[in-house]
Structures are given as structure tokens and as C-alpha cells.
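Encoded as C-alpha cells, the structure appears first; notes follow it.
The values are calculated or read from the model by the stated rules, or taken from the named source; none is laboratory data. The model shown is predicted, which means the values in this text are computed figures rather than measured ones. In this analysis, Cβ positions are derived from the backbone assuming ideal geometry, glycine residues included, and neighbour counts consider all displayed protein chains. The protein model used for the area step is the full one, side chains on, heavy atoms only, and it has no ligands, DNA or RNA in it. Shrake-Rupley method; radii C 1.70, N 1.55, O 1.52, S 1.80 Å.
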Amino acid sequence: ACVAARFTLSGRAVTGDVTLAAKRTGRPLRLFLVAGEHSGDALGARLMPALKERCASGVTFAGVGGDAMERQGLASIFPLHDVAVMGPINILAALPRLIRRVHQTVDAAIAFKPDAVVIIDSPEFTHPIAKRIRKRAPDIPIIDYVSPSVWAWRPGRAKKMRGYIDEVLALLPFEPAAHQRLGGPHCTYVGHPLIERMDEIASAGTVDLAKRLGIAPGRDVLVVLPGSRRSEASRLLGVFGGTVKLLANKGSAFDVVIPTVPHLRGQVEAASRTWGLPCHVVDGARDGFAAMRLARAALAASGTVTLELALCGTPMAVAYKVDALAAPFLRRMIKGETVVLANLVLGENAFPEFLQEDCTAEKLAPVLGELLGKSARRDAQVAALARIPGKLKLADGDPSAAAAKAVLRETDGRR
């Protein structure tokens, strides 16, 4: 039998941790998983072994995933790169293929007859699938692992999700309250996957990295993070380079370290050679975390990296630009006061953000100058950073285990 963490009533957890042996017939639990991009593939790959550990009768998986999920036993019905498309222009160009893959996935899910469907992030791809599964097989529980950003833009999605999502598994601690306020599905905070990497972050060696890069002891370091997608880097590298030049021209003395991903390394190296001061490009998670911990301040693209910087204790200025076609659309849709995840977790705008027309070297450089030096702004950020790990921490267990327990609560509560 599978073991769930709590009894449920209409999909909602009942107070008290009571172990429940699910009344199964000895057959494996059947789960259909759908990831739409590589970050979802990583989440799914951690969820799968956590589910296996909690199901003595075993788990049979089917669905869509990438290399990481396939290593855990998923035979993806098509390659993940077929649907891992980012940006409105790219999505529009790939639309016929995406529509075919949506219908193919729905047909496969119905044929598999799962105990539950778990969609993982990528709402532009996974939510159309969930809607169609609900219409054709309304008795199949559907769980959304990673909440869409209803708290920041398109808040009306929350209420609409109630028609086809039974449970949302949230990565951010404020999201359950946001769904409740907006009339969304029941939502459970299961923790951010970065929590599982705290030991890795803490052990990333700053002294070793500085020595390998030839950075003198005591030398200030600015870590520059222009994003992990080619489109992000293309829009931000010029602005970030201009910011670095302005800082250097105003007398700041520092080295620059730029963590990136392998497929962007050439682009980042070519851009940084024009910045006029020592720039060190590194890739790989360990060197990336070491660079963040080594740095006195960071210039970062908005995204998950702001939480990584927060867990490394690094003061930051955050910036972002989208393409000119998408900008008017996003302005109408965004409702929140901030898009910086570190601010949202903290519940206050501690880390300044410079978006679209405000994303300029002239506006970024003075703030970074304060963060590199001794200033009230820097002191306030350091104090704010110290509060973020406690906000993310789970009372018990790790995020993958919490997500697995939530999936099993939903399947057991329905059977």
C-alpha cells in the first residue's frame, strides 16, 4: 500500500498528521506526469523517487518529460525539446506543433487510465492539457506542481483553475494565501527546490574559486547574472556591460564574475570582452553558487536567481527587459507591486528592480555603487537577506517529499 501523510476531506488536509494506508489492490499507482520545459523536468525527476519511496506496491509512470525524468523511469511520449519553447514570438512560430502535442498528450493520458495526472509548471502547455483531460475524464484528479504567477499577473486565472485543477503544489510560501484570496484551487506549500540544495550552496568554495580565477584576497567582486535563456542574455548583456563601465569610470575597483550556462558561454564571453575590466566567466552550479557567495553585490536578471542570491546572502539590484512586442501586453496583465521573487517571499520590496525603460546603466550603476560600498542601502539589504531562509524553510522534510505526500493525499482521498 502507498502511505499518505494526512487524511483528506474534499481534497483538503484535515488537521493532524495521521498515517493512512491506501486501500489499493496491490497494483502499482499509475501517475501521468507532464513537464513542459527543463526546469519542470528537474522537478519531476526529484518527485518520482520520492513517490517510489512511499509506495510499497510501486509506481508506474507515463507522460512527457526530459532526460532527468527518463532516468527515473519515464518513457516520454515525445522529446521535451518539441514543446520547451519560450517567448511569444517563438511560441507563435511553433503553435501548430504545440497544438498537435497537446492533443497527443491528452489522448495518451486518457488511454493510460491514471490514478492522477500531475502537470509540472509551463502553464501555457500544461493547462490546455489539464482542461481537455478534465472534460473527457472528469474523475481523474489533476494536480498542478508549481503555481502560475497569479499573484503577479492574470489573477483571474486562479478562479478559472478551479474548473480543472484539484490541488496546486506551491513552491513559494505566500502562494496558498494568494489562491485563497483569488478564489483559486486548494493550494499547499511544499517548499522551493532550492531548499534541497542548501548544503551545496553552503559548501561552494569561495576561496578556491577566487584562487582559480586569480582574484586577489580582499578584492571586491560584482557577480553579474544576465539570465539563462539566449533571449534574456541578448537583451540584458548590453545594459549590464554599460552598468559595469559606468561603475568603473566612477572609481569603483572590482572584478566581475559572470556565472552562465554552457550554451551561452560563448555569447557571454564575447560580450564581456568589451566591458573594459577583468571579467571571469564560469559555468556549472557549484562555481555559480561560489561566485554568488564570493560577491559583495550582484546585478541580476529577475527570476529564480534572486532566491539563489538571497540564500547566498548577496545584496542585489534586479533588472529585466522583454521584447518590444510583448511589453505592452505584459504591462496590462501585471498586477503585483514587484516581480522579484526574493521581495515576494520577504513580503516587502527590499531589493530594487529596474524593468523595461528603467533597465538602464544610468539607473543601475548608482544603486550598485551603494551596494559595493558601505551604505544604509547595503545594511538594509543584508538584514533583509538574513530573514529569507526562514521564510522558505519547511517544518518537516524536503520539498520533493512534501510534494510526493501531497500527490498521495489527493489520490488516496479520491479512491
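For this structure, a couple of remarks:
- Mean separation of Cα contacts under 8 Å, 6 or more apart, over the residue count of the chain: relative contact order %: 17 percent
- Percentage relative contact order, the range 154-279, counting C-alpha pairs under 8 Å, at least six apart: 18 percent
- Angle in degrees between helix 230-249 and the longest Cα principal axis of the chain, rounded to the nearest 10: 30 degrees
- Principal-axis tilt of helix 399-414 within the chain, Cα atoms, nearest 10 degrees: 20 degrees
- Rounded to 5, the percent of DSSP beta bridges in the chain classed as antiparallel: 15 percent
- Calculated P(r) over Cα pairs in 20 Å bins from 0, in percent (choose from (i) 23, 45, 16, 7, 6, 2, 0; (ii) 25, 55, 19, 1; (iii) 30, 60, 9), label: (ii)
- Dividing the convex hull volume of the alpha carbon atoms of the range 352-415 by its residue count gives 140 Å³ per residue.
- Size-normalised alpha-carbon gyration radius of the range 42-174, reference 2.2 N^0.38 Å: 1.05
- Here residue 253 and residue 180 are evaluated by their C-beta separation; at R0 = 41 Å the FRET efficiency comes out at 0.25.
- 1.4 Å probe accessible area per residue over the chain, in Å²: 44 Å²
- Carbon plus sulfur fraction of accessible area for the range 92-158, probe 1.4 Å, in percent: 57 percent
- Over the range 192-339, Cα pairs under 8 Å with separation of 6+ residues give a relative contact order of 28 percent.
- Euclidean distance of C-alpha centroids, the range 128-142 and the range 246-318, integer Å: 43 Å
- Per-residue [θ]222 nm for the chain (sum of -39500 (n - 2.57) over DSSP H runs n ≥ 4, rounded to 500): -14000 deg cm²/dmol
- Alpha-carbon gyration tensor eigenvalues x 5, square-rooted, for the range 226-366, Å: 23, 18, 16
- Rg followed by Dmax, in Å, when the range 137-263 is reduced to its Cα trace: 21.3, 66
- Acute angle (nearest 10 degrees) that the helix 285-294 long axis makes with the longest principal axis of the chain, alpha-carbon atoms: 40 degrees
- Extent of the range 90-163 along its three principal axes (Cα atoms, max minus min coordinate, largest first): 36, 30, 17 Å.
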